[in-house]
Amino acid sequence: MMYDPQGKDKRAIRQIVQEKAPPVPFQNPCALKITAYLPIPKHTPQWKLEFMRTGWIRPRVKPDSTNILKLYEDALTGIWFRDDALVVDTTVKKLYGTTPRIEIEVMELVDFGAMKRDEAKQVWADMMGVRI
């Protein structure tokens, strides 16, 4: 689905992402990674096709990466994360693909700020594989 800020598009996206959503939206900070595979233009010279398929030539056309991000942040709010203010790390890539599509990855991050000092130290040590 391409960028179109109309409400019907957000509703359509919400229906699709609902199927894979967690039972309860994430309450902690999240990372959001979006990869948009745009269609290869029809009259592309043969020599450019492989460069496009492998990401050496990237789309320099609309929609803008920021518009893609905003559309999907808004559509995922309340389904994947409680509020889009929880999205603290974002990546948006625009690539060409033989099958136009959007791939979305949402990852809940560890919220050390919500932990007590000793709990945060222990979680960090466990993540790093060290003993404290």
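The values are calculated or read from the model by the stated rules, or taken from the named source; none is laboratory data. Quantities reported herein were computed from a predicted structural model and do not represent experimental measurements. Cβ sites come from the backbone with ideal geometry, for glycine too, and all protein chains shown count toward neighbours.
Quick check on Glu73: is it buried (at least 16 other Cβ atoms within 10 Å of the Cβ) and either modelled with pLDDT under 95 or among the acidic types (Asp, Glu) (or both)?
Working: buried (at least 16 other Cβ atoms within 10 Å of the Cβ): yes; either modelled with pLDDT under 95 or among the acidic types (Asp, Glu) (or both): yes.
It is true that Glu73 is buried (at least 16 other Cβ atoms within 10 Å of the Cβ) and either modelled with pLDDT under 95 or among the acidic types (Asp, Glu) (or both).
Suppose we keep only residues that are assigned to a helix (DSSP H, G or I) and of a type in the set (Phe, Trp, Tyr) within the range 11-70. Which one would you say is surrounded by the most Cβ atoms within 10 Å (Cβ to Cβ)?
Taking the range 11-70 as the starting set, the residues that turn out to be assigned to a helix (DSSP H, G or I) are 11-18, 46-53, 65-70.
This time we only want the ones that are of a type in the set (Phe, Trp, Tyr), so: 47, 51.
Numbers: Trp47: 7, Phe51: 13.
Once the filter is applied, the top-ranked residue is Phe51.
Can you tell me which residue is nearest to Leu95 (Cα to Cα) among those in the range 10-49 that are of a type in the set (A, V, I, L, M, F, W, C) and touching an Asp or Glu at 6+ places or on another chain (Cβ under 6 Å)? I'd like the intermediate steps shown before the answer.
In the first step, residues of the range 10-49 are kept if they are of a type in the set (A, V, I, L, M, F, W, C); the result is 12-13, 16-17, 21, 24, 26, 30-32, 34, 36, 38, 40, 47, 49.
Next, only the ones that are touching an Asp or Glu at 6+ places or on another chain (Cβ under 6 Å) stay: 26, 30-31.
Values: Phe26: 28, Cys30: 23, Ala31: 20 Å.
The qualifying residue nearest to Leu95 (Cα to Cα) is Ala31.
Could you tell me which numbered condition Asp111 fails, if it satisfies all but one of (1) within 17 Å of the chain's Cα centre (by Cα); (2) surrounded by 13 or more Cβ atoms within 10 Å (Cβ to Cβ); (3) at pLDDT below 95?
The failed condition is (1).
Go through the residues of the range 72-91 one by one and say whether even a single one is at positive phi and either in a loop (DSSP other than H, G, I, E, B) or of a type in the set (Asp, Glu) (or both). Quick ask: steps written out before the conclusion?
Residues of the range 72-91 at positive phi: 78.
Keeping just the survivors that are either in a loop (DSSP other than H, G, I, E, B) or of a type in the set (Asp, Glu) (or both) gives 78.
Within the range 72-91, one or more residues are at positive phi and either in a loop (DSSP other than H, G, I, E, B) or of a type in the set (Asp, Glu) (or both).
Tell me, which residue of the range 116-132 that is small (Gly, Ala, Ser) and part of a helix (DSSP H, G or I) is farthest from Asn28 (Cα to Cα)?
From the range 116-132, those small (Gly, Ala, Ser) are 120, 125, 129; that's our starting set.
Applying the additional criterion that residues be part of a helix (DSSP H, G or I) yields 120, 125.
Values: Ala120: 14, Ala125: 20 Å.
By that ranking, first place goes to Ala125.
Can Lys94 be described as basic (Lys, Arg), modelled with pLDDT of 95 or more, buried (at least 17 other Cβ atoms within 10 Å of the Cβ) and under 17 Å from the mean Cα position of the chain (by Cα)?
Yes, satisfied.
Val106: touching a helix residue (DSSP H, G or I) at 6+ places or on another chain (Cβ under 8 Å), surrounded by 11 or more Cβ atoms within 10 Å (Cβ to Cβ) and farther than 20 Å from Leu71 by Cβ, yes or no? Can you show your working first?
Numbers: touching a helix residue (DSSP H, G or I) at 6+ places or on another chain (Cβ under 8 Å): yes; surrounded by 11 or more Cβ atoms within 10 Å (Cβ to Cβ): yes; farther than 20 Å from Leu71 by Cβ: no.
No.
For the range 92-115, what are the residues that are closer than 28 Å to Met127 by Cα and either among the acidic types (Asp, Glu) or in a loop (DSSP other than H, G, I, E, B) (or both)?
Residues of the range 92-115 that are closer than 28 Å to Met127 by Cα, as a first pass: 92, 103-115.
Result: Glu103, Glu105, Glu108, Leu109, Val110, Asp111, Met115.
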